[in-house]
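Each remark here refers to the structure printed beneath this line.
Read-outs: derived from the displayed coordinates by stated rules, not from any lab. Here the structure is a predicted model, which means the values were calculated and not measured. When we count neighbours, we look across all protein chains shown, and the Cβ atoms used for this are built from the backbone with ideal geometry, even at glycine.
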Amino acid sequence: MSPLYFSVGPQHSGSGHLRMKIELQGDIILNAEPDPGFVHRGTEKIAETREYQQNVPMIERQCLPDVSSVSLAYAMAIEELLGIEIPPRAQFIRIIMCELSRIMSHLYWLSIMGIFLGHSTMFMWPFGDRDIFIDIAEKITGSRVSYTYIVPGGIRYDLPDKIKEQTIKTLDYFQGRLKEYDAIFLSNPIFERRTKGVGVLSQTDAINLGVTGPTLRGSGVRGDIRKGIPYSSYDQLDLEIPVFTEGDSYARSMVRFKEMEISSSIIRHALDNLPDGDFAVKTRKKVPEGEALSRVEAARGELACYIMSDGTSKPYRLKMSTPSFRNLPGFSLMKGSMLADMPTIYWSLDYWPPDADR
Amino acid sequence: MDTVGNAFVGRLRSVVEKVVNGLKPIRYLVNWSRLYSLWPVHLTTACCSVEFGAASCPRFDVERMGMLPIGSLRQCDLIIIEGTVTKKMAKRVKKIYSQMASPRYVVAMGACSISGGLFYNSYNIIKSVDEILPVDIYVPGCPPRPEALANGIMMLQDKIRKKQVNIVKGE
Amino acid sequence: MNEAKLIDELRDKFGESVGITELMGQNEIIVTVEKEKVVEIAQFLKDTYALNYVISVSGVDYPEENKFLVVYHVSSMSENGHLPLVLALKVSVDRQNPSTPSLISIWRSAEWHERETWELFGIEFNGHPKLERLLLHDEWEEENPNNQFPLRKDFLLED
Amino acid sequence: MNIVNNIENVLNNIQIVELRQLLLFVFGVLRSELFFKIIFFPGIFTILITVSELIWLERKFLAKMQLRVGPQYAGRIGGILQPIADFVKLLFKEAIIPEKADKKFFQIVPILLVVLATTTLTVIPISETAVISNLDVSLLFTFAILAIFPILTLLAGWASNSKYPFLGGIRALFQQVSYEVPLWFSTLGVVLLAESLNFVSIVKAQSSFWYILLLPLGALTFIVSMIAELERIPFDVPEAESEIVMGWMTEYSGMNFGLIMLSLYTKLYFASAMFTALFLGGWLGPSILSPSFWFLTKTLIVALIIIMLRGVLPRVRLSDLLNIGWRRLLIFSLISIVWAVMVKLFLLGVF
């Protein structure tokens, strides 16, 4: 039977804004090649025509489920160029915001993973619980999803009062919900049957292909920037990195699931010993000449922001090496797997197309 | 497509259309059924899809208005353009819109689809969705809140309530 | 992993082809290298200093100096995580016929980055298996025939 | 009943002979009991009402399981008119027939699906008397009808002549054929105990013990393979949304799709009705409620269980689907037959 070529296009309930060219023989995928670029808005080119401060909202639109990490990487690169030191209170609040957006991004991932495997309840539960975290973020930053809260030089305004009690209450409620997710979905025999041994990425391949984030940690590599190169006072927090060695979709999913618990414990720890003091430092519009590279552990993986400045108030060149773009080689895992495994592998990489196309 | 088939074929279609438009209660019934079962196409064009997902989650449930996210494109009658439409995506959006069965409605969600939004001077986007699709409802915001989207859907429902029913060709 | 030792070793091994090298921040080295020797230097870095993990490949356009700069950010990743060293390998390329040997044979992870830089800058990576359209749409050539590479400085955005 | 009499006198003294005979015949049919059964009670009206109520129930019940509200505005009280809104909208929607598609078969399949789905309901007894055709081999009749469905789904997938429906059609064929074998083996136990193929006598034979108590394994295999017949989650493989869009239903739109949805939910109603008739003792129940009411509540409970599975389980992979079908379920059904023989011998007092 001659192979069947078909494209899992942008309009397909099994693919986000991405097209996959799939070659099928019977039920086995011979070759699956991603075709990104459907959400390429050229942010790197537009960034060169705007001031440093103006770029923050546009850069965040890259990865809307996980906004704080993107703006943190951008802010840290500029602070390195300016050579300024961020007050400890701002660093701790930045950690809280990053971990909050990590939990929200993982909840978004878990709900889409549910609907991809045909479990409609698992689409609704995490999405609904994500909304109570959105309430906290809305109280802190004023907007539901795109905060522009972390800016070069610290954060825009201080934490509102009584935010600590609300967060602690939410996190306690969230502990119970995590057990329920585990009961209905993650330890469901059909889920294990569909993800165990599917899309296996060995440890050496993971490093060679340059994948990052939970995809890397699912294959036995303890690669986490927060531990390897601590930034923004992550070193004062005890941080435990979940690593699984099987390297299949199940391992990658469990890494993300464990990370949600760890992030909530980080938030609790950061909220308890929050240093006081001012929360921002005055920054100049014109950034001195030079170049800087900042690396941040976003929810999907390591995000590197490389800025070259020529002394004016606009960046000469801005390059965001985003985690989804670096997980693109992960699509080669689909070769030889069944058509039913395509959504499992695709979404176990947690690939967010606007993040990859920029 | 001239072979616009329907449950009513041939001369019956124009007769039924005359009857439906003539009698108010029947026209009301047909419009009522169309506005309470708007099935959205599963298409995410850009980053507003996060808020469309939030709109269909338990808190702002859009299924209260009968919006069942159905898989195939042939059965849908509402296309929500969520965010920026790049030139590569514009080709597909036009093809998708032509494949949908009439009557079909278009909601442009987010500032990027209305007027190019934050990326107005980008080299790779369609300035506004009006260039490729006849838009019914604009939902401003970047990204618009789920309540704003639900309000947009309700405005679309009011628009359908007052609409003239024609069965032959799509609006 | 002291950085100075690496720079000296690079200096004496490759001599003149290693241009300006400087130390940036806590543990970041910038090495500018000539086009011809970049493959051997990359191989040397990978073997002796285990720099096997490409973070990003970015092209930079200098119209007044009539050159492109291809910057490979490489760090080392082992079984138990990141090592702090980041090396920025810079290759300067003539602006008229921009072409540089692709480092995909050494760093497999540079494949998609190089392909994107080729599409947005027009820098040829000879030896790259799949230099095809990635992010832009198919009719991109017809729409702007004179300047096809958006990230170059002379490609102006209409405001 | 005097209305009937004076209508008859009026009809009798019509002069034209043929017209009189015709009208008398038509009036006879209208008054006949079979006509009432076909059109009203166990027939079309009950099916339509219960099916639309099942659609509404599924959306509301799933929504409640997912902590949300579900359809609410279509019909003021909790969206009760939502199925009617969907049905009328599909009626007036453009039914696209793709050029490449084989037009004849493309349009015949939805009609045939609805026809077959409703014919199977003619043999299920809602109460002692309320059964349209009391065949003495009614179980065999349902065997025959259910065997046609895989052919129709494959025909639908193939006639649409495009990639996704073709894949969906092939998968539907695999699934339904491989699950019919354990389905019929599991009913053998019931036939053995009731010593008859007629639904009415099967239900009567359950007056002492419901068969679900005597043959629990048979009931389990029946319900699992029936879910596979209905292509519902977790055996949703032929229309796996995230892999092949809507499977064999992708190309259908407008009223064709409406008929297919109608046939799907009629099959759901038929599946739960058959389960209650075979294993839960159809209309038998303490006499505080009328028998047909008992039958409908039991069917509703079984339908709720099938719908609840949709909210709880993800979708199974095609390879596991066939594994479960051929290896595990087949063995379970054979064991259930052996178990039924033992129960039969025990009832006859051999032990």
Subject >> chain C - convex hull of the alpha-carbon atoms, volume per residue in Å³ >> reply: 145
**OP:** Would you list the P(r) distribution for chain A, with all Cα-Cα distances sorted into 20 Å bins from 0 and each bin expressed as a whole %?
**Re:** 30, 57, 12, 0
Original post:
Fewest first, what order do B:ILE80, A:ILE59 take by the number of other Cβ atoms within 10 Å?
Top reply: A:ILE59, B:ILE80
Original post:
Which of D:MET1, A:MET260 comes first, and how do the rest follow, when ranked by fewest Cβ neighbours within 10 Å?
Top reply: D:MET1, A:MET260
Subject >> chain C: angle of helix C:3-14 to the longest principal axis, Cα-based, in degrees nearest 10 >> reply: 70
Original post:
Rg(Cα) of segment A:164-223 divided by 2.2 N^0.38 Å?
Top reply: 1.57
Original post:
Can you list the equivalent-ellipsoid semi-axes of segment D:1-132, largest first and in whole Å, using the square root of 5 times each Cα gyration tensor eigenvalue?
Top reply: 39, 23, 17
Original post:
Net charge near B:ASN124, counting Lys/Arg +1 and Asp/Glu -1 over other residues with Cβ under 11 Å of its Cβ?
Top reply: +3
Original post:
Over 24 Å between Cα atoms, which of A:LYS169/A:LYS258; A:LYS319/B:LYS88; B:LYS95/B:LYS127; B:LYS18/D:LYS104; B:LYS88/C:LYS130 qualify?
Top reply: B:LYS18/D:LYS104
**OP:** Please give the per residue volume of the convex hull enclosing the alpha carbon atoms of chain D, rounded to a whole number of Å³.
**Re:** 187
Original post:
Based on the Kirkwood radius over alpha-carbon pairs, what value in µm²/s does the Stokes-Einstein equation return for the translational diffusion coefficient of segment A:163-308 at 25 °C and 0.890 mPa s?
Top reply: 138
Subject >> Förster radius 22 Å - calculated FRET efficiency between D:ASN6 and D:PHE36 (Cβ-Cβ, nearest 0.05) >> reply: 0.60
**OP:** Measure nothing fancy, just the Cα-based angle from helix B:11-22's long axis to the longest principal axis of chain B, in degrees from 0 to 90, nearest 10.
**Re:** 80
Subject >> Size of segment C:13-79 as Cα extents on the principal axes (Å, biggest first) >> reply: 44, 24, 21
**OP:** Pop a pseudo-label 7 angstrom from the Cα along the beta-carbon direction at both B:LYS91 and D:SER201 and give the gap in nm to one decimal.
**Re:** 6.8
Subject >> Helix A:67-82 vs. chain A, principal-axis angle (Cα, 0 to 90°, nearest 10) >> reply: 40
Subject >> Simple label model, 7 Å out from Cα along Cβ direction - A:GLN25 to A:ASP238, nm >> reply: 5.4
**OP:** For the protein assembly as shown, would you read off the P(r) tail past 58 Å as a percentage of all alpha carbon pairs?
**Re:** 20
**OP:** Could you tell me, in Å, what Rg and Dmax come out for the Cα atoms of chain B?
**Re:** 16.8, 51
**OP:** Evaluate E = 1/(1 + (r/R0)^6) for C:GLU132 and B:TYR120, where r is the Cβ-Cβ distance and R0 equals 35 Å; express this FRET efficiency to the nearest 0.05.
**Re:** 0.75
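Pulled fully out, how much extra length does the chain show between D:VAL350 and D:ASN323, if you take 0.36 nm times their separation in residues and subtract their Cα-Cα distance?
6.0 nm
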Original post:
With springs only between Cα atoms under 10 Å, which of D:ASN13, D:ASN323, D:ASN256 fluctuates most in a Gaussian network model of chain D?
Top reply: D:ASN13
Subject >> Relative exposure of A:SER321, D:SER32, judged by other C-beta atoms within 10 Å (fewest first) >> reply: D:SER32, A:SER321
